[in-house]
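Beneath this line is the structure, given in structure tokens, with notes to follow.
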Amino acid sequence: MLIVAGHITVDPDQRETYLAGCVRVVEQARRTSGCHDFTIDPDLLDAGRINIFERWESQADVEAFRGGGPSDDQGAAIRSASVTEYEIGEVRSLSG
């Protein structure tokens, strides 16, 4: 199991446009084999922050989906990024 988590920052006045451009990516990811969860969401407190969370079956699944990463337009909008991959050895459900 692999988790990708962190955040990116964009200019606050560009956040909604950036997120609108991510809808198709989220839809594609959620239909991809090995994807258990994929979300790109606006932060509730910071107007320029966008939170990233992905949960994948394997590194190979992530790499098969990811390809070249964000489009050129999206890449240009990103002011900073702090996103990390975590390889998980054990999973325990907290919801029963």
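The values are calculated or read from the model by the stated rules, or taken from the named source; none is laboratory data. Quick caveat, the model's predicted, so the values are computed rather than measured. Cβ coordinates were reconstructed from backbone atoms using ideal geometry, including for glycine residues, and neighbour counts include every protein chain displayed.
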- [ ] Find the residue count for region 1-15, including only residues that are touching a residue at least 12 places away in the same chain (Cβ under 8 Å) and more than 18 Å from E63 (Cα to Cα).
- [x] 8
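Test Q74 against the criterion of being at pLDDT below 95, in contact with a helix residue (DSSP H, G or I) (Cβ under 7 Å, 6 or more places away or on another chain) and more than 15 Å from A5 (Cβ to Cβ), and give yes or no.
Judged against the criteria, Q74 is a match.
Report, by residue number, each residue of region 1-39 that is hydrophobic (A, V, I, L, M, F, W, C), farther than 15 Å from G75 by Cα and surrounded by 13 or more Cβ atoms within 10 Å (Cβ to Cβ). Working first, answer last.
Step one: filter region 1-39 for residues hydrophobic (A, V, I, L, M, F, W, C), giving 1-5, 8, 10, 19-20, 22-23, 25-26, 29, 35, 38.
Retained after the next criterion (residues that are farther than 15 Å from G75 by Cα): 1-5, 23, 26, 29, 35, 38.
M1, L2, I3, V4, A5, V26, A29, C35, F38 - these are the residues of region 1-39 that are hydrophobic (A, V, I, L, M, F, W, C), farther than 15 Å from G75 by Cα and surrounded by 13 or more Cβ atoms within 10 Å (Cβ to Cβ).
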- [ ] Enumerate the pairs (first residue in region 64-89 and within 11 Å of I8 (Cβ to Cβ); second residue anywhere and at pLDDT 85 or above and assigned to a helix (DSSP H, G or I)) with beta-carbon separation below 6 Å, excluding pairs fewer than 6 apart on the same chain, so at least 6 apart or on different chains.
- [x] A77/Q14; A77/Y18
Task: Given (1) farther than 22 Å from R15 by Cβ; (2) at pLDDT below 95; (3) under 15 Å from the mean Cα position of the chain (by Cα), number of the condition S93 does not satisfy - done: (3)
Task: Matching option when the condition is at pLDDT 95 or above and either small (G, A, S) or surrounded by 11 or more Cβ atoms within 10 Å (Cβ to Cβ) (or both), among R66, R55 - done: R55
